[in-house]
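Below is one structure, written out as structure tokens; comments come after it.
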């Protein structure tokens, strides 16, 4: 990471999410990374929402400049002050069309629901947006000065099982590949067409220890493949925890949840196409998928 630069938060109005992100980021970055500046802007600036100001005040912060700005304003003001160039743009739009990011600049997209949307602007929605932003910023801060590490060529994960034979059969079925070798103590699955997708998640109040496993998952081609996996699982006698559905919150997916012989959750998922994403309902409630897709 460069020693100096500007992080720019973008949304449409620069009245709530990006203003809160700017204040929270400045509080986190000012002392640890003094060479970095934080700014925010919008494609159609509006006055700062009073509930955004109140939500920040609850954690001892204030909106930085007290006024919303356009991207052009930020660039112009930065040139006058001699600020470090913009090196990272973080867009925050969820339902709306986000402003176009600057060409040649690193970009992250954090879709945060607009807390000012809806018939009533409730403080609780602004608190939720504030806390979601701060949680993402905590991880960005942790990664900002990441030291040099090893140069891995393979990722390995192991899971303890009670019945080696039953579990070997289940994972051979799930992964579509027989184990490369097995002993009385383990079975090894290696190679094949799979791509690693390793996820770390919050504890959600559950006790964690060295034997903890949240869940495993495999990605498939599309919605039809997820539904087909449902029929395959039933035919193979694999327990289905949740039948196929399309979910919108978090990472939008078509998903099916199975259970391995030890009760470990297995997710079979497919990412949504742009066309499917455009069909997201206003309430973002999951939609269960029929076995006979149209």
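The values are calculated or read from the model by the stated rules, or taken from the named source; none is laboratory data. Just so it is clear, the structure is predicted and the values come from calculations on it, not from any experiment. Glycine gets a Cβ as well: all are built from the backbone with ideal geometry, and neighbour counts include every protein chain shown.
Residues in the range 65-77 that are surrounded by fewer than 18 Cβ atoms within 10 Å (Cβ to Cβ) and in a loop (DSSP other than H, G, I, E, B): 65, 66, 67. In summary, residue 142 fulfils each of the numbered conditions (1) part of a loop (DSSP other than H, G, I, E, B); (2) over 25 Å from residue 217 (Cα atoms); (3) out of contact with any helix residue (DSSP H, G or I) (no Cβ under 9 Å at 6 or more places or on another chain); (4) without any contact (Cβ under 8 Å) to a residue 40 or more places away in the chain with the single exception of condition (1). In the range 233-259, of all residues being free of Cβ contacts under 8 Å to residues at least 12 places away in the same chain and surrounded by fewer than 13 Cβ atoms within 10 Å (Cβ to Cβ), the one that is nearest to residue 285 (Cα to Cα) corresponds to 250. Residues of the range 245-264 that are in contact with a helix residue (DSSP H, G or I) (Cβ under 6 Å, 6 or more places away or on another chain), more than 17 Å from residue 293 (Cα to Cα) and in a strand (DSSP E or B): 258 alone.
Annotation: of all residues in the range 161-186 being assigned to a loop (DSSP other than H, G, I, E, B) and touching a residue at least 60 places away in the same chain (Cβ under 8 Å), the one that is nearest to residue 4 (Cα to Cα) is 161. The number of residues in the range 20-55 that are in contact (Cβ under 8 Å) with a residue 12 or more places away in the chain, loosely packed, with under 13 Cβ neighbours inside 10 Å and assigned to a loop (DSSP other than H, G, I, E, B) comes to 2. When the residues of the range 265-294 are filtered to those that are assigned to a helix (DSSP H, G or I) and within 19 Å of the chain's Cα centre (by Cα), the one that is surrounded by the fewest Cβ atoms within 10 Å (Cβ to Cβ) is 274. Taking residue 54 as the residue in question, decide whether it is within 16 Å of residue 138 (Cβ to Cβ) and modelled with pLDDT of 95 or more. For residue 54, the condition - within 16 Å of residue 138 (Cβ to Cβ) and modelled with pLDDT of 95 or more - is not met.
Would the range 197-218 turn up any residue that is within 30 Å of residue 136 (Cα to Cα), touching a helix residue (DSSP H, G or I) at 6+ places or on another chain (Cβ under 8 Å) and touching a residue at least 12 places away in the same chain (Cβ under 8 Å)? Looking through the range 197-218, at least one residue is within 30 Å of residue 136 (Cα to Cα), touching a helix residue (DSSP H, G or I) at 6+ places or on another chain (Cβ under 8 Å) and touching a residue at least 12 places away in the same chain (Cβ under 8 Å). For residue 213, are the conditions met, namely being in the same structural domain as residue 275 (by TED's automatic domain parsing), surrounded by 12 or more Cβ atoms within 10 Å (Cβ to Cβ) and assigned to a loop (DSSP other than H, G, I, E, B)? Considered against the rule, which asks whether it is in the same structural domain as residue 275 (by TED's automatic domain parsing), surrounded by 12 or more Cβ atoms within 10 Å (Cβ to Cβ) and assigned to a loop (DSSP other than H, G, I, E, B), residue 213 comes out as yes.
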